[in-house]
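**Q** Input: one structure, supplied below.
The values are calculated or read from the model by the stated rules, or taken from the named source; none is laboratory data. These numbers come from a predicted model, not from an experiment. Positions of Cβ are generated from backbone atoms using ideal geometry, with glycine treated the same way; all protein chains shown enter the neighbour counts.
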């Protein structure tokens, strides 16, 4: 999918353009991340859409200015640095109001994109399915509805890309607003249909004899690499933020089960735009309906704890809270191969003390056998033995019991069959709904 790049005669961003990354470090924020780590992430976001980061700056903000966010002197310094580095784009690692964005562009003489716009551009470029493209477009329209930075008459015709970062245009604002409202209403209707279809698929999976395991985690934590390792699939997995956008499902082998379904999901990020959380709710509901959630963490990353908190925040927004009546959860501490000496020993010792943690290297495969064994244990946890009477002709139910549980005894008497089977509480509930 195209974004605003390389449009003939276009005035949007172009790959390879020099960019200046600026971080407003608010004094009142209690952020567990270091300034350097936050700059690294902002640079990674910029590079993910092909910008060439020429320099990066951080400014302490005691009182955000309504007009520009930064102070007057800071804006002048940003403008000077942009001119020195010949930067064409200013990336501000914060959410800007439309007024702040316009005033910063006037003050620095370069195009300005904030964190929300940047993430939306990445998602627009990475969406690979029709559903993903609809979700991204809805989020883009929601974001731009209050900005109207360009004419939106292109919405009247079909086109592959969006070009959301175009230049100013206010001659058709009312017509543009109507086009945006109409287009958003149409997309919402299409996504409602997607949601109904997904709900039907989930209902079928609940009746099917296979547990579902969902991978979640901060972007670039290694989810897709682990997914490929466990499924022998070839899902796009690179050292990029948001390498995976559209959910992917494959079957895997888990001890004690004929097979299970593993789902890879979009990576989370700090300050994920609310427009995207809303747009991708239908996709992320797959996580809530899973039997087990594997929270993949880059344990080598210096901000691993803060990244975990961000993932927990998004899961909480979706109503999935640890310890509540939801899927069981296991933390997968990935990239242990990057740790050395005392650091690795400390991580391994802590993991050994906890039942909710497994250490792995998705890249080398280290620890993945232990992971699958633990997954099988968790899927059977809390299981109870049930004594059932089936018709001998009901082979489908019997196959379901063999796949979802542990059949301890089965014997036939005439046209009936008596079965003793150990099932988890979730699977017992599913069985009763068959």
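**Q** Pick out the one residue from 187, 173 that is at pLDDT 80 or above, over 30 Å from residue 259 (Cβ atoms) and assigned by TED's automatic domain parsing to the domain that holds residue 109.
**A** Numbers: 173 fails: at pLDDT 80 or above.
The match here is 187.
**Q** Still on this structure: Mind checking which residues of region 327-342 are out of contact with any strand residue (DSSP E or B) (no Cβ under 6 Å at 6 or more places or on another chain) and not in a helix (DSSP H, G or I)? Can you show your working first?
**A** Quick first cut of region 327-342, residues out of contact with any strand residue (DSSP E or B) (no Cβ under 6 Å at 6 or more places or on another chain) only: 337-342.
Answer for region 327-342, where residues must be out of contact with any strand residue (DSSP E or B) (no Cβ under 6 Å at 6 or more places or on another chain) and not in a helix (DSSP H, G or I): 339, 340.
Okay, residues lined up against (1) in a helix (DSSP H, G or I); (2) modelled with pLDDT under 90; (3) in the same structural domain as residue 341 (by TED's automatic domain parsing):
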{"position": "286", "(1), (2), (3)": "yes, yes, yes"}
{"position": "290", "(1), (2), (3)": "no, yes, yes"}
{"position": "305", "(1), (2), (3)": "yes, no, yes"}
{"position": "310", "(1), (2), (3)": "yes, yes, yes"}
{"position": "313", "(1), (2), (3)": "yes, yes, yes"}
{"position": "323", "(1), (2), (3)": "no, yes, yes"}
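**Q** Sticking with this structure for a sec: If you go through region 349-362, how many residues are over 22 Å from the mean Cα position of the chain (by Cα) and under 15 Å from residue 304 (Cα atoms)? Quick ask: steps written out before the conclusion?
**A** Filtering region 349-362 for residues over 22 Å from the mean Cα position of the chain (by Cα) gives 349-355.
With the extra rule that they be under 15 Å from residue 304 (Cα atoms), the set shrinks to 350-351.
Total satisfying the criteria: 2.
**Q** Would a scan of region 409-420 turn up a residue that is without any contact (Cβ under 8 Å) to a residue 12 or more places away in the chain, in a helix (DSSP H, G or I) and outside the structural domain of residue 256 (by TED's automatic domain parsing)?
**A** no
**Q** Would you pick out the residues in region 91-119 that are in contact (Cβ under 8 Å) with a residue 40 or more places away in the chain, farther than 17 Å from residue 15 by Cβ and within 25 Å of the chain's Cα centre (by Cα)?
**A** 92, 93, 94, 95, 115, 116, 119, listed by residue number.
**Q** For residue 123, which of the numbered conditions (1) part of a loop (DSSP other than H, G, I, E, B); (2) modelled with pLDDT of 70 or more fails to hold?
**A** It is condition (1) that residue 123 fails.
**Q** Might you check whether a residue that is modelled with pLDDT of 90 or more, in contact with a strand residue (DSSP E or B) (Cβ under 9 Å, 6 or more places away or on another chain) and over 30 Å from residue 225 (Cβ atoms) occurs anywhere in region 373-380?
**A** no
**Q** Mind listing just one residue for me: the one in region 26-54 that is touching a helix residue (DSSP H, G or I) at 6+ places or on another chain (Cβ under 6 Å) and within 25 Å of residue 85 (Cα to Cα) and, of those, modelled with the highest pLDDT? Working first, answer last.
**A** So the first thing to find is which residues in region 26-54 are touching a helix residue (DSSP H, G or I) at 6+ places or on another chain (Cβ under 6 Å), and the list is 32-33, 45, 48-49, 53.
If we keep only those that are within 25 Å of residue 85 (Cα to Cα) as well, we get 45, 48-49, 53.
Numbers: 45: 90, 48: 86, 49: 86, 53: 96.
Residue satisfying both the conditions and the ranking: 53.
**Q** Of the residues that sit in region 71-95 and are part of a loop (DSSP other than H, G, I, E, B) and either touching a helix residue (DSSP H, G or I) at 6+ places or on another chain (Cβ under 7 Å) or outside the structural domain of residue 146 (by TED's automatic domain parsing) (or both), which one is farthest from residue 39 (Cα to Cα)?
**A** Step one: list which residues in region 71-95 are part of a loop (DSSP other than H, G, I, E, B), which gives 71, 85-88, 93-95.
Subsequent filtering for residues that are either touching a helix residue (DSSP H, G or I) at 6+ places or on another chain (Cβ under 7 Å) or outside the structural domain of residue 146 (by TED's automatic domain parsing) (or both) retains 93-95.
On the way: 93: 8, 94: 11, 95: 15 Å.
So the residue we want is 95.
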